[in-house]
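Peer 1: Dropping a structure here in structure tokens format, bear with me for questions.
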Amino acid sequence: MLKEAVSYQLPEGESLRLLQITDPHLFADHEGELLGVNTASSLQAVLDTYKTSDFHAQLMLATGDISQDFSADSYRNFVKAVAQLDMPCHYLPGNHDDPRIMHLHMQGYRVFGQQRILAAGWQILMLDSTVRGKPGGHMAEAQFAIIEAAIAAHPDLHTLLVMHHNPVLVGSAWLDQHCMDNGEEFLERVGRYANVRGVLWGHVHQQLDSSYQGRHGAIQLMATPSTCIQFEPKSSFFALDSRQPGFRLLELGADGSIHSHVQRVAGDSFAPDNSASGY
């Protein structure tokens with residue numbers, strides 16, 4: 001059964017502008033650090049960087065690993081942090097999240113856990129790729145059923161699929177062990193739909209922009225840096241990157257186009273500790 005969607009009314013022909021933030025790994029304690037980076041401070045730096053940009057998003061997508069310590073307060077801290085942007089925030093779980101605690105405490109003004117968003121000729125599906133107790137992901141049949149039913153209900157809408165795990169390998173041997181284990185099948189199945197325009201995720205703590213050639217044309221594939229630590233691209237072993245925390249801005253056109261870019265915090269304030277442990 002297809003669940004209720006959250007709908008937004010925008011002027012006809014207007015593009016839908018999105019802010020994606022991902023993998024903040026927050027703690028109950030505001031002084032909590034992940035591999036030498038204070039994750040509350042790095043998230044705030046990301047939000048401050050966005051606020052100084054000339055991009056005015058209408059919606060925020062938070063794509064998992066909100067918490068690092070599974071605490072109720074970590075989720076409350078996230079809600080308090082993003083409230084300063086005064087825009088709707090839609091979230092989904094990552095492998096570091098506890099879905100039960102998350103849904104209980106990711107509550108606030110315009111904070112939503114529904115899986116379907118309708119706006120400006122687009123349908124955004126917030127999919128759950130997590131597997132309980134495992135770092136890797138899997139797209140379950142129940143999620144495929146949501147995709148199928150949503151597209152059948154709105155065949156006229158362009159569709160963006162959003163999740164936590166990467167459906168394609170990123171070229172890092174250690175990290176690719178924790179990808180979506182049926183990612184190839186996922187892309188083949190969603191590639192059958194002419195109105196699927198993009199797939200967006202987090203998890204890999206690095207930027208990736210590529211495409212998949214589906215049966216009805218190219219699907220844009222996008223991975224986004226974390227708001228805290230970054231992983232070294234193309235590394236065969238666990239390694240941290242010195243690049244700063246980041247976020248992604250997307251403009252979804254009425255014609256089905258997706259214009260997107262990643263922006264990062266300026267400077268070098270957030271330097272990870274390569275000798276630290278605890279990820």
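The values are calculated or read from the model by the stated rules, or taken from the named source; none is laboratory data. In this text the structure is predicted, and so the values were computed from the model without any measurement. Don't worry about glycine lacking a Cβ; one is built from the backbone with ideal geometry, like all the others, and counts go over all protein chains shown. Note: accessible area is taken over every heavy atom of the protein model, side chains too, but ligands, DNA and RNA are not part of it. Shrake-Rupley method; radii C 1.70, N 1.55, O 1.52, S 1.80 Å.
Peer 1: Nearest 10 degrees, 0 to 90: what angle lies between the long axis of helix 72-83 and the longest principal axis of the chain (Cα atoms)?
Peer 2: 70
Peer 1: With charges set only on the Cβ (+1 for Lys and Arg, -1 for Asp and Glu), what does the dipole of the range 63-180 come to about its Cα centre, in debye to the nearest 20?
Peer 2: Dipole size: approximately 200 debye.
Peer 1: Scan around Asp273 for amide H atoms under 5 Å from its own, H built in the peptide plane at 1.01 Å from N, and keep only partners 5 or more places away or cross-chain.
Peer 2: Gly36, Val37
Peer 1: I would also like to ask the following. Name the lysines eligible as straight-distance cross-link partners of Lys80: C-alpha to C-alpha under 20 Å, and not fewer than 8 places from it in the same chain.
Peer 2: Lys51
Peer 1: I need the chymotrypsin sites (Phe, Trp or Tyr not before Pro) found in the range 1-55, filtered to DSSP loop residues with at most 16 other beta carbons within 10 Å of theirs.
Peer 2: When the chymotrypsin sites (Phe, Trp or Tyr not before Pro) of the range 1-55 are filtered for loop state and at most 16 Cβ neighbours within 10 Å, Phe55 remain.
Peer 1: A further question follows. Using a cut-off of 13 Å between beta-carbons, work out the net charge of the residues near Val170 (Lys and Arg +1, Asp and Glu -1, Val170 not included).
Peer 2: Residues close to Val170 contribute a combined charge of -3.
Peer 1: Give the separation of the Cα centroids, the range 1-60 to the range 71-86, in Å.
Peer 2: Going from one Cα centre to the other spans 11 Å.
Peer 1: Now for a separate question. Got a number for carbon plus sulfur as a percent of the range 160-279's accessible area, 1.4 Å probe?
Peer 2: 47
Peer 1: Just add up the charged neighbours of Gly94: K/R +1, D/E -1, any other residue whose Cβ is under 13 Å from the Cβ of Gly94.
Peer 2: Around Gly94, the surrounding residues sum to -3.
Peer 1: Explain nothing, just the number: relative contact order of the chain, from Cα pairs under 8 Å at least 6 residues apart, as a whole percent.
Peer 2: 22
Peer 1: Antiparallel versus total DSSP beta bridges in the chain: what percent is that, nearest 5?
Peer 2: Close to 50 percent.
Peer 1: Could you give the length gained by full extension between Arg192 and Ser236, i.e. 0.36 nm per residue of separation minus their alpha carbon distance, to one decimal place?
Peer 2: Computed gain between Arg192 and Ser236 is 12.5 nm.
Peer 1: For Cα extents along the principal axes in Å, the choices are (i) 56, 42, 33; (ii) 51, 50, 47; (iii) 50, 39, 34; which was calculated from the structure?
Peer 2: (iii)
Peer 1: With unit charges on the beta carbons (Lys and Arg positive, Asp and Glu negative) and the dipole taken about the Cα centre of the chain, which residue among His138, Ser172, Gln244 sits farthest to the positive side?
Peer 2: Value computed over the given set: His138.
Peer 1: So what is the accessible area of the chain per residue, in Å², with the probe set to 1.4 Å?
Peer 2: Accessible area per residue, the chain: 42 Å².
Peer 1: Kirkwood hydrodynamic radius of the range 1-134 from all distinct Cα pairs, in Å?
Peer 2: After inverting the mean inverse Cα-Cα distance, the result is 15.5 Å.
Peer 1: Compute the Cα gyration tensor for the range 55-98, then decide on rounded, prolate or oblate, letting a ≥ b ≥ c be the square roots of its eigenvalues: rounded whenever a/c is under 1.5, prolate when a/b is larger than b/c in the other cases, and oblate in all that remain.
Peer 2: oblate
Peer 1: Toward the positive end of the charge dipole of the range 1-108, about the Cα centre and with charges on Cβ (Lys, Arg +1; Asp, Glu -1), which of Ala40, Tyr75, Phe27 goes farthest?
Peer 2: Tyr75
Peer 1: Under a Cβ-only charge scheme (Lys and Arg +1, Asp and Glu -1), can you give me the dipole magnitude of the range 15-54 about the Cα centre, in debye to the nearest 20?
Peer 2: Its charge dipole is roughly 240 debye.
Peer 1: Taking square-rooted eigenvalues a ≥ b ≥ c of the alpha carbon gyration tensor, is the range 94-165 rounded, prolate or oblate, where a/c under 1.5 means rounded and, failing that, a/b exceeding b/c means prolate?
Peer 2: oblate
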